[in-house]
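See structure below.
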Amino acid sequence: MRVLAAMSGGVDSAVAAARMAEAGHDVTGVHLALSRNPQSYRSGARGCCTIEDSRDARRAADVIGIPFYVWDLAERFHADVVEDFVSEYAAGRTPNPCLRCNEKVKFSAVLDRALALDFDAVVTGHYARIVDTADGRELHRAVDPAKDQSYVLGVLTQQQLAHAFFPLGDTVKTEVREEAERRGLSVADKPDSHDICFIADGDTPGFLSSQLGEAPGDIIDAQGKKLGEHQGTHGFTIGQRKGLRIGTPASDGKPRFVLDISPVDRTVTVGSREELAVSQLTASKPRWCGPAPTDRMTVKAQLRAHGDEVSVTAWLDGDQVQVTFDEPTSAVAPGQAVVLYDGTRVIGSATIDTVERVTAAV
C-alpha cells in the first residue's frame with residue numbers, strides 16, 4: 001500500500017513509519033507544521049511542532065530511507081483547535097484539544113489530502129489497535145494500558161478507520177524505545193511531549209488570560225454565599241481543588257471543589273466532594289466508529305483522557321446521547337468527551353453538554 005506517515009519528530013511516529021516501511025509498504029513521511037511561531041525549541045517534555053521536532057522527523061525519515069515533506073497546517077490548526085480551545089473555555093467548558101486535533105486535522109485535513117494525492121492510508125504513532133472484521137474495521141484499546149490513546153481517537157468514523165494504521169497498538173512503550181535504538185533512530189530517548197502542545201510552558205490559565213483578558217467575578221457556594229473573587233472563569237475547570245484562593249475555610253474543614261462555571265454572570269460555584277457527584281449526562285455531536293447504536297447499551301465509559309472506565313447505560317436520543325451512571329461519578333465536565341467502550345472496542349464518542357447531579361448531595 002502507499003501510505004503517508006505523520007511524523008511528529010518523536011519516537012512513536014518514527015517507529016510506526018519504520019514498521020510500515022519494513023512491512024513492504026510504500027511510505028512517505030510528512031511532518032505537520034502546526035505552530036504559527038515554530039522558532040522556539042521545546043522545553044524538556046513540553047510542547048511540540050518546533051523546528052527541533054521537524055529536524056528530528058527528517059533525520060528519522062533519512063534513517064528509515066523514505067521521502068519526507070513538511071506540510072504547513074498552522075492556519076487550519078489554529079482555527080480548528082486553538083480557537084476552539086479558547087472559545088470553549090470562554091463558554092465555561094473544558095475541551096480536549098488532542099481529540100479535536102485528531103478529528104479536524106490529522107484525520108480530516110491530512111487524510112483528505114492524502115487520499116487526494118492517491119495515498120491509500122495514513123499511519124500514526126498512536127497507541128490503539130484496529131481490528132478487521134467481516135462487518136468492517138473496529139477501533140480497540142492498545143495493549144499497553146498506560147499509553148492507550150483510544151480515548152482521543154474515539155472521534156474517528158468507519159470511513160476514517162478504513163484508511164488508518166496504528167502499528168504500535170500491540171506494543172508497550174519500553175519495547176518501542178528499544179526498537180528505535182536498534183533501528184538507529186536518534187529519537188529513541190527523546191522525552192514524550194505532554195500537556196497541551198500549543199502551550200509549551202504548561203501555563204494554561206496564563207495562556208487563556210492572554211487570549212481572553214481578565215473578567216473578575218465572585219466565587220460562591222451552592223447557596224449563593226460569596227466566598228472570594230477570581231480574575232476570570234476561564235481559569236477554572238469542574239472538579240478543580242487547587243488554586244481556588246478562598247480565604248474562608250469550609251465549616252466542616254474539608255476541601256472545596258469547583259461545581260459550576262458561569263461565564264455569563266462571572267460566577268464560579270464551589271462545594272464539597274459529595275456535591276460533585278453526577279448521576280447522568282447528556283452529550284451532543286456523537287461520532288460513531290461503526291454503525292450508530294439503535295438500542296440501549298450496558299457498556300463502559302471514559303470521561304477524561306487518563307480517566308478510569310465507569311459502568312453506564314447509554315442510548316441515542318435523537319441527535320443526543322444520554323448516559324446514566326451505575327454509580328455516581330465525580331468531576332464530569334461539560335466540553336469533555338464521553339467515549340463508550342464494549343470491552344476494548346471503542347463504540348464512539350460525544351461531547352458532554354449537561355450533567356445531572358445526585359439530588360441528595362445538594
Review point. Rounded to two decimals, what is Rg over Rh for region 213-362 when you use alpha-carbon atoms and the Kirkwood radius?
Key: 1.03
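Which chymotrypsin sites (Phe, Trp or Tyr not before Pro) from region 229-303 combine a DSSP loop assignment with at most 11 other Cβ atoms within 10 Å? Mind dumping the intermediate values first?
Values: sites: 236, 257, 288; in loops: 236.
Sites meeting the loop and neighbour criteria: none at all.
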Review point. Looking at the P(r) of region 270-356, how many percent of alpha-carbon pairs lie beyond 19 Å?
Key: 30 percent
Review point. Can you give the direction-averaged projected area of the convex hull of the alpha-carbon atoms in the chain, in nm²?
Key: 18.9 nm²
**Study point:** Ordering of 15-23, 200-208 by packing [mean C-beta count within 10 Å, highest first]
**Key:** 15-23, 200-208
Revision key, fill the gap. Hull surface over four for the Cα convex hull of region 164-244, reported in nm², is 9.4 nm²
Study note, to complete from the structure: the chain, Gaussian network, Cα under 10 Å: of 141, 58, 296, the residue fluctuating most is 296
Exercise for review: Whole number in Å², please: accessible area per residue of region 267-362, 1.4 Å probe, ligands, DNA and RNA not counted.
Suggested key: 45 Å²
Exercise for review: Would you please state the base-10 log of I(q)/I(0) at q = 0.09, 0.16, 0.20 1/Å for region 87-222, with intensities from the Debye formula using one equal scatterer on every alpha carbon?
Suggested key: -0.39, -1.00, -1.27
Check your understanding: Gaussian network model of the chain, Cα springs within a sub-10 Å range: biggest mean-square fluctuation belongs to which of 54, 150, 330?
Key -> 330
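On the accessible surface of the chain, probed at 1.4 Å, how many percent belong to carbon and sulfur atoms?
Roughly 48 percent of what the probe reaches on the chain is carbon or sulfur.
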**Study point:** Solvent-accessible heavy-atom area per residue, rounded to whole Å², over region 73-199 at 1.4 Å
**Key:** 41 Å²
Check your understanding: Which far-off residues, 5 or more places away or on another chain, put their amide H under 5 Å from the one on residue 142, with H placed in the peptide plane?
Key -> 129, 149, 150
Exercise for review: Putting +1 on Lys and Arg Cβ atoms and -1 on Asp and Glu Cβ atoms, find which of 125, 210, 186 reaches farthest to the positive end of the dipole of the chain.
Suggested key: 210
Review point. Hey, rough spin-label estimate for residue 120 and residue 313, points 7 angstrom out along Cα→Cβ, what's it come to in nanometres?
Key: 4.5 nm
Review point. For the chain, modelled as a Gaussian network with Cα springs under 10 Å, which listed residue fluctuates most, 307, 232, 169?
Key: 307
Point to revise | Cα-only Debye scattering, region 1-149: base-10 log of I(q)/I(0) at q = 0.11, 0.15, 0.17, 0.21 Å⁻¹ | key: -0.46, -0.86, -1.09, -1.50
Review point. What percent of all Cα-Cα pairs in region 53-141 falls in each 5 Å bin, counting up from 0?
Key: 3, 10, 15, 19, 19, 16, 10, 5, 2, 0
**Study point:** Under the Debye formula (equal points on every Cα, no solvent term), log10 I(q)/I(0) of region 131-191 at q = 0.18, 0.26 Å⁻¹
**Key:** -0.75, -1.08
Practice item. Please list, in chain and number order, the residues 5+ apart from residue 122 or on another chain whose amide H is under 5 Å from its amide H, with Hs placed from the backbone. Key: 4, 164, 165
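The values are calculated or read from the model by the stated rules, or taken from the named source; none is laboratory data. All figures in this text were calculated on a predicted structure; none of them were measured in a lab. Here Cβ is always computed from backbone atoms with ideal geometry, including for glycine, and neighbour counts include all displayed protein chains. When the accessible area is computed, the model is the full protein with side chains, heavy atoms only, and any ligands, DNA or RNA have been set aside. Shrake-Rupley method; radii C 1.70, N 1.55, O 1.52, S 1.80 Å.
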